Amino acid sequence: MGLGIRKIFRSLNSGVTSMKFSLRNFFLGFDNACLLLKYADKNALTGILRKHGASVGENCDIETGLAFHNCTDFSNLIIGANSHVGKNCFFDLAGKVEIGNNAVISMNTSFLTHINIHKSELEDIYPSRISGIKVGDNVYIGAGCILLMGVEIGSSSLVAAGSTVTKSFEPCSFIAGTPAKFKKTIQK
C-alpha cells in the first residue's frame, strides 16, 4: 500500500514541477525557469526536458542539478535510450549535444559548444564559433570531464575522469588527460 501512495505522490510532484517550470518560462523567461531544474525531482526532469524540445530515449536515468546555458528550449539536446546523465552536469546548448544509447555521463561533466570573445580584442584571432558535440553509443565519460565544441567521441570509448577533450577520437578509444590523449584501444 505504501508503494502506491509513493508513486501517486511522485506523479503529482512531477506535474506540479512541470507546471512551475512552464509558468516561470512564461512570466520570467527560459533562463529563470531552468534554475528550477537544479532542484527538480529526476522523474519530473525527464518530462520537462521532453516537453520543451529534448529528445530523450526510453529508460534514461537523468540526475538532478543540471545546468543549461545558451538556449530558449532543449531542442539541441539528444539523449539515447538506456543512458545515464550524472548530477551537476553543464550543457551549453548553443550547438547540438548528442549522447548515444547506453552511454554514461558521470557527474560534473561539461559540454561547451561555442566560443564567443566579442568583448575582447582577441576576437580577431579567435572568431565566434558554434559546433555541436557527439558522444557515441556505449561510451563512458568519467566525472569532471570537459568536452569542447566540435568533439566526437566514437562508440565504445572511455574518457578518464577529469579529462579535457579538445579533439575527436575513434571508436574503442581509451582517452585521458588535459588535453585528452589517446592511451590505448579498448579490446571487446
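If we only count strands (runs of 3 or more DSSP E) wholly inside the stretch 73-171, which ones have 3 or more residues that are among the basic types (Lys, Arg), touching a helix residue (DSSP H, G or I) at 6+ places or on another chain (Cβ under 8 Å) and within 23 Å of ALA33 (Cβ to Cβ)?
Filter on the stretch 73-171 gives an empty set.
Which one of these is in contact with a Gly (Cβ under 8 Å, 6 or more places away or on another chain), in the same structural domain as CYS172 (by TED's automatic domain parsing) and crowded, with 20+ Cβ neighbours inside 10 Å: GLY57, GLY80?
Among GLY57, GLY80, only GLY80 is in contact with a Gly (Cβ under 8 Å, 6 or more places away or on another chain), in the same structural domain as CYS172 (by TED's automatic domain parsing) and crowded, with 20+ Cβ neighbours inside 10 Å.
So the check is Cβ under 9 Å with 6+ separation or different chains; which pairs have a first residue in the stretch 155-172 that's buried (at least 20 other Cβ atoms within 10 Å of the Cβ) and a second one that's of a type in the set (Asp, Glu)?
SER157/GLU170; PHE169/GLU152
Just wondering, is there one or more residues in the stretch 45-61 that are in contact with a Ser or Thr (Cβ under 6 Å, 6 or more places away or on another chain), assigned to a loop (DSSP other than H, G, I, E, B) and among the aliphatic types (A, V, I, L, M)?
no
Looking for something under 19 Å from LEU77 (Cα atoms), touching a helix residue (DSSP H, G or I) at 6+ places or on another chain (Cβ under 9 Å) and loosely packed, with under 14 Cβ neighbours inside 10 Å - is there at least one such residue anywhere in the stretch 18-31?
Within the stretch 18-31 (the criterion being under 19 Å from LEU77 (Cα atoms), touching a helix residue (DSSP H, G or I) at 6+ places or on another chain (Cβ under 9 Å) and loosely packed, with under 14 Cβ neighbours inside 10 Å), the answer is no, since none of the residues qualifies.
Considering each of ASP92, ASP73 in turn, give the residue that is of a type in the set (D, E, K, R), in the same structural domain as SER156 (by TED's automatic domain parsing), more than 21 Å from LEU158 (Cα to Cα) and crowded, with 20+ Cβ neighbours inside 10 Å.
ASP92
The values are calculated or read from the model by the stated rules, or taken from the named source; none is laboratory data. If you're wondering where the values come from, they're calculated on a predicted model, not measured in any experiment. Reconstructed Cβ throughout: ideal geometry from the backbone, glycine too, with neighbour counts over all protein chains shown.
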